[in-house]
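Novice: I'd like to ask you about the structure that follows.
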Amino acid sequence: MVNIAIIGYGYWGPNLVRNFSSTPGASVKWVADLRAERLEIAKRNFPSIETTTELERVIQDPEVHAVVIATPVFTHFELGMKALLAGKHVLIEKPMTDSVAHAEQLIASAKERGLTLMVDHTFLYTAAVQKIKHLIDSGELGSVKYFDSTRINLGLIQQDVNVLWDLAPHDISILNYLMSSKPRSVQATGVSHIHNGIENIAYLTVNYDQDFIAHFHCSWSSPVKMRMMLLGGDKKMVVFNDMEPTDKIRVYDTAHTISNDEEKQRVLVDYRVGDIYIPKLPIQEALSGMAADFIQSIQTGKAPIASYESGLFTVKVLEAAQVSIKENGREVII
Ligand SMILES: NC(=O)c1ccc[n+]([C@@H]2O[C@H](COP(=O)([O-])OP(=O)(O)OC[C@H]3O[C@@H](n4cnc5c(N)ncnc54)[C@H](O)[C@@H]3O)[C@@H](O)[C@H]2O)c1
């Protein structure tokens, strides 16, 4: 049995407590938060779990094997490092850290101690992303040419991170999971209407050496909520609309073919528009798959799907995007 302590019982923490409480091989021993009123709610919902505002008690408890960190981003590094130094396996909420340097230090520390370090990139465990991965790996889409994601709504404006750090980790981690090639550079632009330098609307392009491009649009200022991802292959294309309750994915038998008209010396482009199908997806809570993967990784030593590499990749793209935004969209090599 892997005994777990969960630090942070704000918005997301309760979901982690609920899922880990029903994960085979896991037992939630502690919930810690600096706010006593949050712990009262935790105690009411989960009477058998111990609660505390003293983090050291939790991190130093010899009966605790793993620490789950669901606090704001700027605390991830310090709490993660404390837990690793105390010999605990660590699961950190997305984004892994507030800088590449911090992510690399956590990874080095986990490697040195042979501990599991994982990031909660929840979307990798959704049935939709698993299905898209299968469509790409089986060759059904052909060679993937673009990834285009829109994640916008009237969002909760964060005080410490901009809209990309808040929303784009989901899409960047999905991009990294689906595509085996690594990007060359990023370019980003954004605007802060709050006048505190924290961008509430941002556009990010990730460039590759191959003829593949990825683009992300994130906003906290949209009157409509959109969670839409397009992937285009040279055989088929996929639309992933996460606002749909069930039919989240549509596969379009659509592509274009290019040929040369030697006589007129020009390139001809033909569109092929065929059938559309909606794959049946199993109903499963992504967080429960994520929690099970963390426990299995601790028990077997295997690398989890949401590995520290995916956490580091995401932070690298975000950090480069931040530089690019502040320099008016300059291309930043990563
Ligand atoms: N995976 C997902 O889909 C998903 C969804 C939402 C949030 N998140 C992530 O979860 C993390 C927390 O986000 P949230 O929305 O729950 O924030 P939140 O502000 O609602 O909750 C954070 C909690 O942490 C507590 N806290 C702060 N500093 C602490 C410390 N040093 N020690 C102990 N407790 C501390 C706060 O009192 C608060 O209760 C963030 O990294 C966020 O990006 C992930």
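The values are calculated or read from the model by the stated rules, or taken from the named source; none is laboratory data. As the structure is a computational prediction, the values presented were derived from the model and not from experiment. Cβ atoms come from the backbone with ideal geometry, glycine included; neighbour counts cover every protein chain shown. Only protein heavy atoms, including side chains, enter the accessible area calculation; ligands, DNA and RNA are left aside. Shrake-Rupley method; radii C 1.70, N 1.55, O 1.52, S 1.80 Å.
Novice: If the requirement is being touching an Asp or Glu at 6+ places or on another chain (Cβ under 9 Å), open to solvent by less than 40 Å² (accessible area, probe 1.4 Å) and under 30 Å from residue 318 (Cα atoms), which of these qualifies: 66, 70, 42? Let's see the steps before the verdict.
Specialist: Numbers: 66 fails: touching an Asp or Glu at 6+ places or on another chain (Cβ under 9 Å); 42 fails: under 30 Å from residue 318 (Cα atoms).
Unique residue meeting the criteria: 70.
Novice: In the stretch 112-161, how many are touching a strand residue (DSSP E or B) at 6+ places or on another chain (Cβ under 8 Å), away from the ligand (no atom under 11 Å from the Cβ) and of a type in the set (D, E, K, R)?
Specialist: Total meeting the criteria: 5.
Novice: Residues 28, 119, 73, 67: which one is under 25 Å from the mean Cα position of the chain (by Cα) and modelled with pLDDT under 95?
Specialist: Answer to the check: 73.
Novice: Moving on. Within the stretch 254-288, count every residue that is among the acidic types (Asp, Glu) and closer than 22 Å to residue 141 by Cβ.
Specialist: 2
Novice: Please give the helices (runs of 4 or more DSSP H) falling wholly within the stretch 1-60 in which 1 or more residues are over 23 Å from residue 87 (Cβ atoms) and either of a type in the set (Gly, Ala, Ser) or near the ligand (Cβ under 10 Å from one of its atoms) (or both).
Specialist: 13-21, 36-45
Novice: Let me ask something else about it. Out of 92, 69, which single residue is under 15 Å from residue 298 (Cα atoms) and within 11 Å of the ligand (Cβ to nearest atom)? Quick ask: steps written out before the conclusion?
Specialist: Values: 69 fails: under 15 Å from residue 298 (Cα atoms).
Result: 92 is the single residue among 92, 69 that is under 15 Å from residue 298 (Cα atoms) and within 11 Å of the ligand (Cβ to nearest atom).
Novice: Then there's this: Only residues in the stretch 101-120 that are under 14 Å from residue 313 (Cα atoms) count as the first member; pair them with residues that are open to solvent by 60 Å² or more (accessible area, probe 1.4 Å) and of a type in the set (Gly, Ala, Ser), Cβ under 7 angstrom, at least 6 apart or cross-chain, and list the lot.
Specialist: Short answer, once both residue conditions are applied: none.
Novice: Mind telling me which of the residues 271, 277, 252 ends up being free of Cβ contacts under 8 Å to residues at least 40 places away in the same chain and surrounded by 15 or more Cβ atoms within 10 Å (Cβ to Cβ)?
Specialist: Criteria check complete, one pass: 252.
Novice: A further question on this structure: Filter the stretch 255-267 for residues that are free of Cβ contacts under 8 Å to residues at least 12 places away in the same chain and open to solvent by less than 60 Å² (accessible area, probe 1.4 Å) and give the result.
Specialist: Selection gives 259, 261.
Novice: Let me ask another. In the stretch 214-245, which residues are open to solvent by 60 Å² or more (accessible area, probe 1.4 Å) and more than 20 Å from residue 152 (Cα to Cα)?
Specialist: Hits for the stretch 214-245 are 234, 235.
Novice: Enumerate the pairs (first residue in the stretch 312-328 and among the basic types (Lys, Arg); second residue anywhere and not in a helix (DSSP H, G or I)) with beta-carbon separation below 6 Å, excluding pairs fewer than 6 apart on the same chain, so at least 6 apart or on different chains.
Specialist: Final answer for the pair search is 316/334.
Novice: Next question. Looking at the stretch 77-89, is at least one residue out of contact with any Cys (no Cβ under 7 Å at 6 or more places or on another chain), assigned to a strand (DSSP E or B) and either closer than 26 Å to residue 300 by Cβ or of a type in the set (Phe, Trp, Tyr) (or both)?
Specialist: Checked the stretch 77-89: at least one residue is out of contact with any Cys (no Cβ under 7 Å at 6 or more places or on another chain), assigned to a strand (DSSP E or B) and either closer than 26 Å to residue 300 by Cβ or of a type in the set (Phe, Trp, Tyr) (or both).
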